[in-house]
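Down below is the structure, laid out as structure tokens.
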Amino acid sequence: LDLFAGSGALGLEALSRGARELLLVERDPALAESLRDSCQRLGAGSAATVLRADVVELLRTPLHGRFDLVFLDPPFAGGGWERALERLDPWLADGAWLYLESPAAAPVAPGPGWLPHRESASRDAHHALYRRRAAAD
């Protein structure tokens with residue numbers, strides 16, 4: 001699940017590395033159309049679906065699937081992390097992974113339901129990979 005997909009680089013890379021399916025969610029119509037073109041050009045076929053939608057609104061709707069891996073990289077100026085994280089839980093498989101990218105100066109943490117796996121930072125961005133905490137933890 002690639003939320004705030006933008007160019008789709010994160011999700012498309014996962015697909016190229018063996019992900020069975022990919023849902024790319026992008027609100028901007030031009031970017032969503034570009035994502036569709038990229039998926040077609042790369043031969044993703046039915047493995048990739050582009051959904052033009054607002055992420056927060058989508059996460060309020062009935063479940064579209066249980067995802068093993070979620071990329072959460074909203075536009076830094078828009079601050080969509082908290083609202084997306086609040087609604088993400090029903091969309092996740094047990095043991096799901098979360099890649100979270102946020103400003104280096106103000107890193108975002110997903111909360112107590114997540115265990116940090118790996119973190120790094122560049123001058124502009126904080127990159128972190130988390131594993132969903134098991135119910136018994």
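The values are calculated or read from the model by the stated rules, or taken from the named source; none is laboratory data. Everything numeric in this text was worked out from a predicted model, so none of it was measured. So basically every Cβ, Gly included, is an ideal-geometry build from the backbone, and we count neighbours across all protein chains shown.
Out of the residues in region 87-111 that are in a loop (DSSP other than H, G, I, E, B) and under 26 Å from PRO62 (Cβ atoms), state the one that is farthest from the chain's Cα centre (by Cα).
For region 87-111, the residue satisfying everything is GLY111.
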Selection from region 17-26 of residues under 20 Å from LEU63 (Cβ atoms) and not small (Gly, Ala, Ser) yields ARG20, GLU21, LEU22, LEU23, LEU24, VAL25, GLU26
Would you please list the contacts, defined by Cβ atoms under 9 Å and residues six or more apart or on different chains, that run from a residue in region 42-66 that is surrounded by 12 or more Cβ atoms within 10 Å (Cβ to Cβ) to a residue that is assigned to a loop (DSSP other than H, G, I, E, B) and polar (S, T, N, Q)? ALA53/THR61
Is it true that ALA106 is at pLDDT 95 or above and either closer than 14 Å to VAL25 by Cα or touching a strand residue (DSSP E or B) at 6+ places or on another chain (Cβ under 9 Å) (or both)? no
Every residue in region 35-64 that is touching a strand residue (DSSP E or B) at 6+ places or on another chain (Cβ under 9 Å) and more than 21 Å from ARG20 (Cβ to Cβ), please. ARG52, ALA53, ASP54, VAL55, LEU59
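So, in region 90-105, how many residues would count as being loosely packed, with under 13 Cβ neighbours inside 10 Å and out of contact with any Lys or Arg (no Cβ under 9 Å at 6 or more places or on another chain)?
Step one: list which residues in region 90-105 are loosely packed, with under 13 Cβ neighbours inside 10 Å, which gives 90, 94-95, 105.
Now narrow it down to the ones that are out of contact with any Lys or Arg (no Cβ under 9 Å at 6 or more places or on another chain): 105.
Number satisfying all stated conditions: 1.
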